[in-house]
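**Student:** Here it is, the structure in full.
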Amino acid sequence: MIRCLHLADLHLGWTPQFLGDMRAGIRQKERDELLQKAVDYAVNPASRIDLVLIAGDLFESHRPDPSLVEEVLRQLGRLERAGILAVTVPGNHDEISYHDSVYRLRGDSWPGLLVRNPMPELVRSADIRGARVHIYSLAYTGGLTRVSELEDLPRTSEPGLHVGVFHGSLDWNTGDRSLPITSQALARAGYDYVALGHIHQHRQTRVGKGAAVYPGAIEYKGFSDPGVGHFTVAELGGGRITIETPKAEVRRHVAHDVDVSAAESQNELVQSCRGLSDPEALVRITLKGAPPFTINLEALKAALQDEFFHVEIEDETDVLGADLINTYASEPTIRGYFVRRMTRRIDAATTDRERRLLQLALRKGVAAFERGGEGR
């Protein structure tokens, strides 16, 4: 039995979206230490890792910061010194196609095995823990990789474990750079294990006698891309495949729904949200319900920014409460005229989509009057 640590989509060098905040630098440093955490796990004798497969997008871009590259090479060197073979496959973010790609500039000194061939090949056969392991892969290269020919994947007739490593889209074609690969092609090749990258969710699929696995992105990039929070370890041998998902040390992310209907003022809403305070977490607060007042989202976020490591606020509230709409509509002001006109249009809407858009326009329009002091 051999144990493989399967990594993909680490996206080292990714810059957090909350720029201008000292916490953005802390967050980027945390994410850039993810490979070190993975190597720490791999070299720990208790983990019993024999092989590390990095299935693409190790970096966020093909030109990462030189200091980050040096640290990555140092970490991969730790695996090499521990006798663990590391296989690195370029992805679409850190594509090898470019003349200044990190893999072209530093490829000759890359620890372990760096895949650089543009079409699928047997890239290494090695004896690992008494088993003969054959590894197949390619690095997508613009102008050289012939995606139309990926239906016929290589496989040696030599006995042993056969492992494919590809950064691509399984049964999903979104263009050549996504490296579309079919389950049928993988099944015909007869690989025991296919280490995939590109899709950020953890997925396991049977392909022929083997399994194709996406480990998922470990770390959070955003609430639409939150990461899986674990490593993926595949134990292979004896005709069996066992997948383990040991927890990785990552910063927590939490999503909360807050019903604004019960709050009578902006200040009361702020206090309600402060009750969720978690200075170490990445937090999204989604506002629900019908507010009896106009919410100032900018002021709300400013009031909460020190309550969390990072906070995002989504406004999914319904159109303003009926009492407040009637109050605004009765005003002899520009705001009153706007509200009266918008409510008539909402009443005349013929589709749900049109009605939702108009309700959103009403809510945003009233908020704009509040900010500008109009209609008072």
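**Student:** Can you show me the helix-derived [θ] at 222 nm for the chain, built from DSSP H runs with n ≥ 4 at -39,500 (n - 2.57) apiece and divided by the number of residues, rounded to the nearest 500.
**Tutor:** -9000 deg cm²/dmol
**Student:** Please compute the volume of the convex hull spanned by the alpha-carbon atoms of the stretch 265-376 and report it per residue in Å³.
**Tutor:** About 96 Å³ per residue, rounded to a whole number.
**Student:** With the convex hull built on the Cα atoms of the chain, state its orientation-averaged projected area in nm².
**Tutor:** Computing the convex hull of the Cα atoms and averaging its projections yields 23.1 nm².
**Student:** Straight-line reach from Lys288: which aspartates and glutamates have Cα under 16 Å away, leaving out those fewer than 8 places along the same chain?
**Tutor:** Excluding near neighbours in sequence, the set is Asp257, Asp259, Glu264, Glu268, Glu312, Glu314, Asp315, Glu316, Asp318.
**Student:** Keeping every protein chain present and rolling a 1.4 Å probe, give me the accessible area per residue for the chain in Å².
**Tutor:** Working: 17450 Å² over 376 residues.
For the chain, the per-residue accessible area is 46 Å².
**Student:** In the structure displayed, which of Lys29/Lys247; Lys29/Lys209; Lys37/Lys301 lie more than 31 Å apart, Cα to Cα?
**Tutor:** Result: Lys29/Lys209; Lys37/Lys301 exceed 31 Å.
**Student:** Quick one: if you take sqrt(5λ) for each eigenvalue of the C-alpha gyration tensor of the stretch 73-217, what semi-axes come out, biggest first, whole angstrom?
**Tutor:** Listed largest to smallest, the semi-axes of the stretch 73-217 are 22, 21, 14 Å.
**Student:** Under unit Cβ charges (Lys, Arg +1; Asp, Glu -1), what dipole magnitude, rounded to 20 debye, does the stretch 225-376 have relative to its Cα centre?
**Tutor:** 660 debye
**Student:** What's the long-distance tail for the stretch 171-252, i.e. % of Cα pairs beyond 18 Å?
**Tutor:** Percentage above 18 Å: 49.
**Student:** Compute the normalised compactness of the stretch 1-137: alpha-carbon radius of gyration over 2.2 N^0.38 Å, N being the residue count.
**Tutor:** Expressed relative to 2.2 N^0.38 Å, the Cα Rg reads 1.08.
**Student:** Additional query: Rank Val89, Leu362, Ala299 by how far each Cα sits towards the positive end of the charge dipole of the chain (+1 on Lys, Arg Cβ; -1 on Asp, Glu Cβ) and give me just the farthest.
**Tutor:** Farthest along the dipole direction, towards plus: Val89.
**Student:** Then there's this: With all protein chains present, how much of the accessible area of the chain (probe radius 1.4 Å) comes from carbon and sulfur, to the nearest whole percent?
**Tutor:** Details: 8380 of 17450 Å².
That share works out to 48 percent.
**Student:** Given charges of +1 on the Cβ of Lys and Arg and -1 on the Cβ of Asp and Glu, with all other atoms neutral, how large is the dipole of the stretch 123-223 about its Cα centre, in debye to the nearest 20? Please report the intermediate quantities before stating the final value.
**Tutor:** Values: 11 positive and 9 negative charges, 41 e Å.
So the dipole magnitude of the stretch 123-223 works out to roughly 200 debye.
**Student:** Next up: Compute, for the chain, the length of the dipole vector about the Cα centre, with Cβ point charges of +1 (Lys, Arg) and -1 (Asp, Glu) only. Units Debye, rounded to 20.
**Tutor:** It works out to roughly 500 debye.
The values are calculated or read from the model by the stated rules, or taken from the named source; none is laboratory data. What you see is a predicted model, and the numbers here were worked out from it, not measured in a lab. Every residue, glycine among them, receives a Cβ derived from its backbone with ideal geometry; neighbour counts consider all protein chains shown. What goes into the accessible areas is simple: the full protein's heavy atoms, side chains included, and nothing from ligands, DNA or RNA. Shrake-Rupley method; radii C 1.70, N 1.55, O 1.52, S 1.80 Å.
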